[in-house]
Amino acid sequence: MTHQLYRNNMNKPKYKNRFEPIHKDVKEWPLYKLSLKRFEFLQNVKKQSIERIIDTTGDGETLLDELTRVVYLERIRLTQNSWKVDTEDEKIFWSNMRKKVLNLKIDLEKKTLSKAEVREELASIVGRYTSEIAGHFDPNIYGFAKKLVPFGFSRLLNTNVGLKIKKKWNKRFSIDNKINLTGDIELIRSLAKKGTIIMVPTHFSNLDSIIIGWGIHALGLPPFTYGAGLNLFGIRLIAYFMHRLGAYKVDRRKKNLIYLETLKTYSNLVIQEGCHSLFFPGGTRSRSGVIEKELKKGLIGTAIDAQFKNIQKSESTNEDYTKIFLVPVVINYHFVLEAKSLIDQHLKSTGQEYYLVENDEYSTSYRMFKFVMKFLSASSEATLSFGKPMDLFGNKVNSAGESIDKQGKKVDIKDYFMLDNNLNHNQQRNEEYTRLLSQKIVKSYHKYNTLFSSHLIAFAAFGILKKRYRRLDVYGLLRLPEEDRIIEWEEFMYVINKLLTRLETMKAKKKILLDKVFKKNAEEIVNHGLKNLGIYHDKRPLYKTKEGNLNSEDINLLFYYHNRTIGYKLEKYI
């Protein structure tokens, strides 16, 4: 397929947080190059997935057992956990596959089982999974989408509510002025020219993909490929764009070996093709509001496997290997669209009989529209904090792409894959590298987290209640009647000042980042937090009473936003 190439208009005025593209010609974009050989690429994904699976199971009875398990799990998924995004022919496919597997089972009992037939059915399943996972990049759609995002939901501006908003809409409400970018941007841009970038953001909202996508464009980087939850493809308009913007689909309902190996192979080969990639290593949105502590290591591991393959290829070509760089990213909002439903899900799963969900809130198109409008038209902002780039072994990297160890010495990462002076693939060793890299990412999240005023006041308020009612567990605190949640202003400000003193020390030691509002005095910081924390939710997590004290209309939400500051050992300052 021939694309009419989309080109950036280099004569446009510069905006806040905008950088010139590092590649002015679309033909230089790795994703575009991959799109030109999409068929061959997917055939390779299928071929290597089958090889990896057979390496694990063999191609006989054990593989047949795995096929049986997959068919069983898929039929359960379709009957008990179906989504509207599931294709119409799925039931037919899996019903037919069930019949074929049962026939193979009969052949096994008769001792006439053909390994070729088992492999054939494996190939059929892997082929289906590959087609389902695969993205399709279209540079024209990308060019259109990047213009559309800052004015998302513009059609709704024709409504009566929208007309009021339209009158307010001007440059100062643009997404450019609402999202702050922090970090060593020039280093990231430099490394993107020398190797392959993998961004690993925190994950709190379904809007994260939009925000990080805009941030990548604002940095002047070419488009990234990224894994997006299959459920997001249930909305036709979103599906249309995501299909063509390099997104590949991830169905978190599927936990079977064949699907997971196909998914990891797809990610691995995309990275080997030099396509910059993005995935949320937490696996899903943080239900509790806590910054991720435990990461899903599967996709992180594909990056290490891809680095090994890049080095291995260079051995046969006598060329320099393509290096892979990892960039942790922390996304911060004052308020999260789905906070109510997320914290309810967390409490329901952890509290079991101790916690009862009253009204579970689910995101709708209207709620998302309302959120975006409030975000763009209010004083609230978001921050994308880009951590220091590192290689896949946690070493720092300089602008030349060289790895630097803790002693300040240059390191050739090829050495990490050597054994007895030979390049050696060792899965157990790579899994250990993956574990250590995951720990490095988590540390970076806390170090490069930008604390917001809303997070601080929620942490202080819930912490005061926790200390006051120390005999109650979390679920007891969440059942406190509103009249028992009152916090006197003087007590609150005393705690805030103690926390601010500690936070300044932590900032000086580069253990955390603070939003620019923290340059103001304590009372201004608190008022800023109160304004932003209550800007979206119907029931305010924290508000000032007529008497000048503080209270919460929704203590579950207060708990959710309090959790954003967990992990810094600040509890002892309350």
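The values are calculated or read from the model by the stated rules, or taken from the named source; none is laboratory data. Here the structure is a predicted model, which means the values were calculated and not measured. Here Cβ is always computed from backbone atoms with ideal geometry, including for glycine, and neighbour counts include all displayed protein chains. Remember, those area values only see protein heavy atoms, side chains included, never the ligands or the DNA or RNA. Shrake-Rupley method; radii C 1.70, N 1.55, O 1.52, S 1.80 Å.
Tabulated data for the structure shown
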read-out: The stretch 373-529, accessible surface, carbon-and-sulfur percent (1.4 angstrom probe); value: 49 percent
read-out: Amide H contacts of I198 (H built 1.01 Å from N, under 5 Å, at least 5 apart or other chain); value: S277, F325, L326, V327
read-out: FRET E, pair T505, R435, Förster distance 35 Å, beta-carbon r, rounded to 0.05; value: 0.65
read-out: Segments 127-133, 472-478 sorted - mean Cβ within 10 Å per residue, highest first; value: 127-133, 472-478
read-out: Loop-located trypsin sites (Lys or Arg not before Pro) in the stretch 388-448, at most 15 other Cβ atoms within 10 Å (DSSP); value: K406, K409
read-out: Greater than 23 Å apart at Cα, pairs in K249/K297; K388/K414; K194/K516; value: K194/K516
read-out: Net lengthening on full extension, K47/A123 (0.36 nm per residue, minus Cα-Cα); value: 26.5 nm
read-out: Pairs from K323/K440; K24/K323; K440/K509; K396/K510 whose Cα-Cα separation, in the structure shown, is over 20 Å; value: K24/K323
